[in-house]
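Inspection log for the structure reproduced underneath, given as structure tokens.
What follows draws every value from the coordinates through simple rules; no lab data is involved. What you are looking at is a predicted structure, and each value in this text was computed from that prediction instead of being measured. Reconstructed Cβ throughout: ideal geometry from the backbone, glycine too, with neighbour counts over all protein chains shown.
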Amino acid sequence: MGCKFLLADEQPACTVYQFTDQPSIVLARLGATIAALVCIELAIRGHLSPGGGFAAGVAGGTAIGLVAITSSARWMEEIYERYHAATWEKVSVLLFVAIACSACWALPCRRERWGPCSVAAGFPC
């Protein structure tokens with residue numbers, strides 16, 4: 001939402017570099033496939049450990065980046081527009097903020113034991 005506003009004055013680079021040799025393209029696409037599978041696995045299990053969602057995002061970004069450097073800019077722009085990626089980005093951010101605010105205001109602090117730490121031991125809820 002704010003990136004377009006903040007980067008409105010920026011001029012894009014004149015030259016866009018991408019892979020042109022076939023072995024590099026095949027290896028990058030293979031790496032993108034593996035990174036996408038790792039991203040899905042981390043996203044499924046990410047809620048079990050702190051920072052798991054961040055690691056899933058890094059793996060997913062790596063997969064998208066590898067596909068982007070092996071594809072033409074026009075093809076990537078067509079996919080971005082076809083799936084309305086800008087709209088999905090805005091909706092997901094707003095949904096995250098709404099869920100976070102509702103969790104902060106709607107859920108009372110429980111005064112009971114949660115695992116190894118409790119209020120009596122000096123740990124906040």
Check: Please state the equivalent ellipsoid semi-axes for region 13-106: what are the square roots of 5 times the Cα gyration tensor eigenvalues, largest first, in whole Å?
Finding: 31, 19, 9
Margin query: Just to confirm my numbers, what's the Cα centroid distance between region 50-97 and region 21-43 in Å?
Written below: 15
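Only Lys, Arg, Asp and Glu count, each charged at its Cβ (+1, +1, -1, -1), so figure out the dipole size of region 13-106 about its Cα centre, rounded to 20 debye. Mind showing how you got there, number by number?
Details: 5 positive and 6 negative charges, 28 e Å.
For this selection, approximately 140 debye.
What is the fewest-to-most order of F5, F54, F19 by other Cβ atoms lying within 10 Å of their Cβ?
If I rank by nearby Cβ atoms, fewest first, I get F5, F54, F19.
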